[in-house]
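One structure is given below, encoded as structure tokens.
Every number in this text was worked out from the coordinates using simple rules, so none of it is lab data. Keep in mind the model is a prediction, meaning the values are calculated, not measured. In this analysis, Cβ positions are derived from the backbone assuming ideal geometry, glycine residues included, and neighbour counts consider all displayed protein chains.
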Amino acid sequence: MEGGLKKGLTLLDIFCVATGAMISSGLFILPGLAFAKAGPAVILSYLIAGLFCIPSLLSMAELTTAMPKAGGDYFYIMRGFGPLLGTVAGFSTWLSLSLKGAFALLGMGAYVSIITNIPLNIIALICCVFFIILNLIGVKEAGRFQVFLVLGLLGVLLGYVLWGAGAVHTKNLRPFFDKGLTPMFSTASFVFISYGGLTKVVALAEEVKNPGKNLPLGMMLSLAVTSVLYALVIFVTIGVLKPQNLQETFTPISDGGAIFGGNVFKIIISVGAFLAFISTANSAIMTASRYPLGMSRDKLLPRSFEKISRRFKTPYIAILLTGFFIIMVILFLRLELLVKVASSILIILYIFANLTLILFRESKILSYRPKFRAPLYPYVQVLGIVGGLFLLIEMGTFMLLLTALFLLIGYVWYRAYAKKRAVQNSALIHVLERLVAKDKELASESLLTELRDIVIQRDEIIEDKFHKLIKDGMVLDIEPPLRMEDFFKEVSDILSKDLGMKSEELFDKFLKREIESSTVIAKGLAIPHIAVTGENIFKVILVRARAGIIFPHDQLIHTSFVFAGSLGDRILHLKVLSAIAEVTQGPGFIEQWMGAKNEEELKNVVLLAERRRD
């Protein structure tokens, strides 16, 4: 990789990326088709679809604040379920986002035709090339352009609601459930694609400033504003248009604007729709391109997709691939059916978001440390899974078969290319370890180390001298009870190999130090430390004794930090002692220390603890 991604996105950027990704075809094209299915109750259909998103939103917010990395839902599904489902998820999301972006570019045609006679494909291609260049320049610049688009769009729609409310004919809303209750729920499944922007925004997690706060808050604000805006705009549209006209039109909002605002306002609404579609297209390229990047980092795609521009800090190969694919779709494919498949894929990904959160919570991995935790676990996640399955069933058998065909593409690539290269550990392995075995060989340490490094990067933890000593130090995990003398003999044998000193000499130093002054500084905690001859020497051993080490006066020690350092490193001695005291007195230290499953987790308990660093 040629450098890290630039952290340039703020709370406003996140809100606008998610909102811009949601307000497009879901509002400017689908309402007429949805009204034909559910009648006036389509207002509730949109709200119901938004409610079904809440569990997945909470799960995605927790997972992305724990793992704010490029690739979003692919990244955490990969870490939760392993490379097979990770490959399928990565390909599926990239395809669905790219297809939705192409659909947005082509969808402008219905509204642009009101203003100009320029051929649709020409407009779509020009906009696509423009957004490719914009995203190559940088995510901050693309995000700022997204803010301009979305704020302009929200202003137009707010004007539509306020102006149109006075022209609403309430008789158009009666009877409200004229199609019955069942169509209202099936239509919620039909319009679910309108809320696909939540998947897009998590893909940008690595480029967000303060992701622990800005990601969940931006996503929640976006879903709330979008859901309410959908309901209000559709309420006005139903109230001003005749039912037979509404269910036949592909430009319902512009047609509604013409009723109470004339041709001038109709053109303004068309401009707003144009902003919405290009906003969706921009965010599609911005977010879809992060999936090849994340998959390349995990060796599921060739390493060329991992390249990041030195100048602009953007994944230029992944952006160019995504842009090229969208251009091919614009030129050669019909998208209506493919967009429905993309919607069903998004539902599946939302289901997996809830399943992945459950896996990570139940794995009890100590280095899984989200900044935001989803409330009411696991009931919210179970509700999200059941709700997603309900929406999938409402899609119908034919759509499910087509979706399975798209998922098969990812499976074939995994078998042909990724299987022999991917080595990623998963939370599923850790859950199985807890459920069926105590075999510590079952789970590798790669996921634990990766999650630890993500927390360090996310929280901008300074790797000071103490951090490096612990990271490079040894760990002893002692099961049976042990006398202090036997313990000193064991650590002396270990240190003698690194220090080039006799084990007996080190043992005598530890014993003499303990006789002079006890190194037991708190209940269950001892810090045996000695000075040795030489320069720039400092070695640390972390020790957990489950049954305990018996020190003088029958003091039982479960936690010990053993270190040996040069005589001249007095200041470092004091800093290490201070850091150990701060770490061990932190909230929850004993529970985390005794609950750690292996040596890597024991290190992580210390490395990720909150303390002063210098």
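Against the longest alpha carbon principal axis of the chain, how many degrees, from 0 to 90 and to the nearest 10, is the axis of helix 397-413 turned? The angle comes out at about 40 degrees. Charges were assigned to the Cβ only: +1 to each Lys and Arg, -1 to each Asp and Glu. The resulting dipole of the range 505-578 about its Cα centre is roughly 280 debye. The amide H of Ile537, built 1.01 Å from its N in the peptide plane, has Ser566 as neighbours under 5 Å, considering only residues 5 or more places off or on other chains.
Close amide H pairs (under 5 Å, H built 1.01 Å from N) link Arg369 with no residue at least 5 positions away or on another chain. Here Lys179 is the anchor, and the lysines within straight C-alpha reach of less than 27 Å, apart from those fewer than 8 places off in the same chain, are Lys37, Lys171, Lys242, Lys340. Applying the Karplus relation 6.51 cos²θ - 1.76 cosθ + 1.60 with θ = phi - 60° to the range 302-311 yields 3J(HN,Hα) values of x, 5, 4, 6, 8, 5, 10, 4, 5, 7 Hz, where x marks Gly and Pro.
Hey, of (i) 223; (ii) 163; (iii) 175, which did the structure itself give for volume of the Cα convex hull per residue in Å³ when calculated? Recomputing volume of the Cα convex hull per residue in Å³ here picks out (ii). Our summary gives the chain a relative contact order of 22 percent, counting only alpha carbon pairs under 8 angstrom and 6 or more residues apart.
Within the shell defined by Cβ-Cβ distances under 12 Å, the residues around Val42 carry a net charge of +1, with Lys and Arg each +1 and Asp and Glu each -1. Restricting the range 544-603 to GluC sites (Glu not before Pro) that sit in a DSSP loop and have at most 16 other Cβ atoms within 10 Å of their own Cβ leaves nothing. Under 18 Å of direct C-alpha separation, and excluding same-chain neighbours fewer than eight residues apart, Lys307 reaches these aspartates and glutamates: Glu2, Glu206, Glu207, Asp298. Phi-derived couplings, Karplus 6.51 cos²θ - 1.76 cosθ + 1.60 at θ = phi - 60°, listed residue by residue for the range 281-292: 5, 5, 5, 5, 5, 4, 8, 4, 5, 6, 6, x Hz, with x used for Gly and Pro.
Within the straight-line cut-off of under 19 Å between alpha carbons, the lysines reachable from Lys420 are Lys299, sequence neighbours fewer than 8 places apart in one chain being disregarded. The residues His169, His467, when put in order of fewest to most other Cβ atoms within 10 Å, stand as His169, His467. Converting phi to 3J(HN,Hα) with the Karplus coefficients 6.51, -1.76 and 1.60 and the offset θ = phi - 60°, the range 499-510 yields 8, x, 10, 6, 4, 5, 5, 5, 4, 4, 5, 4 Hz in sequence order, with x at every glycine or proline. Count Lys and Arg as plus one, Asp and Glu as minus one, and take only other residues whose Cβ is under 11 Å from that of Glu582; the net charge is then +3. Take every DSSP beta bridge whose two residues both sit in the range 461-607; close to 50 percent of them are antiparallel. For helix 42-66, report the angle its Cα long axis makes with the longest principal axis of the Cα atoms of the chain; keep it between 0 and 90° and round to the nearest 10°. Compared with the principal axis, the helix lies near 20 degrees. Only helices enter the 222 nm calculation for the chain: every DSSP H run of n ≥ 4 contributes -39,500 (n - 2.57), and dividing by all residues gives -21500 deg cm²/dmol, rounded to 500. Electrostatic tally near Glu62: other residues with Cβ closer than 12 Å to its Cβ, Lys and Arg +1, Asp and Glu -1, net +4. Distant-in-sequence amide contacts of Leu476, defined by a placed amide H-H separation under 5 Å and a gap of 5 or more residues or a different chain, comprise Leu542, Val543, Arg544.
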